[in-house]
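> This structure is in structure tokens; I'll ask about it shortly.
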Amino acid sequence: MPRKIVAGNWKMHNDLSETETLLKDLKKQVIPEDVTVMVAPSFTNLYKAFESTREHPIQVIAQNMHQSEKGAFTGEISASMLKSVGVKTVIIGHSERRAYFNETDDLLAEKVNAALESEIQVIFCIGEELNDRENGDQYEVIQNQLENGLFHVSEDSWEHIMIAYEPVWAIGTGETASPKQAQEMHQFIREAISKQYGKGVSKEVSILYGGSVKPANAKEIFAKKDVDGGLIGGASLKADAFIAIINAFE
Ligand code: 13P
């Protein structure tokens, strides 16, 4: 069975004191035992966040990393740096990284390799743009993103990989994929993984939905067969809303 996961991607929000306040509020809440909760603060707040959640099941994860082990890459962060502050999971291929920082499938494939080699788990993000969906190309786009960025990994690596399906048109727009649209794409993704790696892999991998998930729609989306949780942006910045989403599984 795939793990149920709710991950908050805090993007470029929250300075150190805001991060500490939000974590303090989250830690007051009881988290269902069968749900893995993750939060992705900015790099500058990772260590403090890790320290603050040491005795708590909330996992602190990173939003990005560089593909090289080390070197003259001003402004970048390596896998071993992440590990040294307690990070065990990284988001790779977020559509904002693809769109604003020109991260290509080839680069993302390298980042995936670098993370796995350092024993860091990967949340690999995929998602089509609005015009892809309007043209009916969404399945082809997703298939290509999987093939070019991820399907080179070994079967064994899948133990350390999660997928986040985030249709770009639904991110930060208030527009959500309908539960039916989410289920259709999640099923497609699971089948694509099954074709490439077999059912043994596909039935275990967690596939998260992301894109304007909020307390009002999380229940319906999480109830879908192939949706194993969510990658949450805006609504993860408010403790009450994030907790409500964490509790939205049936
Ligand atoms: P929103 O929940 O703000 O739409 O963001 C989704 C997202 O990009 C999470 O990675």
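The values are calculated or read from the model by the stated rules, or taken from the named source; none is laboratory data. Since the model is a prediction, treat every value here as computed from it, not as a measurement. Please note: Cβ atoms are built from the backbone with ideal geometry, for glycine as well, and neighbour counts cover all protein chains shown.
> Scan the helices (runs of 4 or more DSSP H) fully inside segment 139-250 and keep the ones with 1 or more residues being within 16 Å of the ligand (Cβ to nearest atom) and modelled with pLDDT of 95 or more.
179-197, 215-222, 239-246
> When you scan segment 190-211, how many residues do you find that are buried (at least 22 other Cβ atoms within 10 Å of the Cβ) and within 21 Å of Phe249 (Cα to Cα)?
5
> Only residues in segment 215-233 that are more than 18 Å from Cys125 (Cα to Cα) count as the first member; pair them with residues that are within 11 Å of the ligand (Cβ to nearest atom), Cβ under 8 angstrom, at least 6 apart or cross-chain, and list the lot.
Pro215/Ala235; Pro215/Ala241; Pro215/Ile245; Asn217/Thr176; Ala218/Gly230; Ala218/Ile245
> If you don't mind, another one. Go over the candidates Leu107, Leu130 one by one and state the one that is of a type outside the set (D, E, K, R), over 22 Å from Phe222 (Cα atoms) and within 16 Å of the ligand (Cβ to nearest atom).
Leu130
> Considering Glu55, Glu51, Glu18, which residue is away from the ligand (no atom under 16 Å from the Cβ), within 18 Å of Ile243 (Cβ to Cβ) and not polar (S, T, N, Q)?
Values: Glu55 fails: within 18 Å of Ile243 (Cβ to Cβ); Glu51 fails: within 18 Å of Ile243 (Cβ to Cβ).
None of the others qualify; the one that does is Glu18.
> Would you be able to say whether some residue in segment 161-178 is farther than 20 Å from Lys11 by Cα and in contact with a Phe, Trp or Tyr (Cβ under 8 Å, 6 or more places away or on another chain)?
yes
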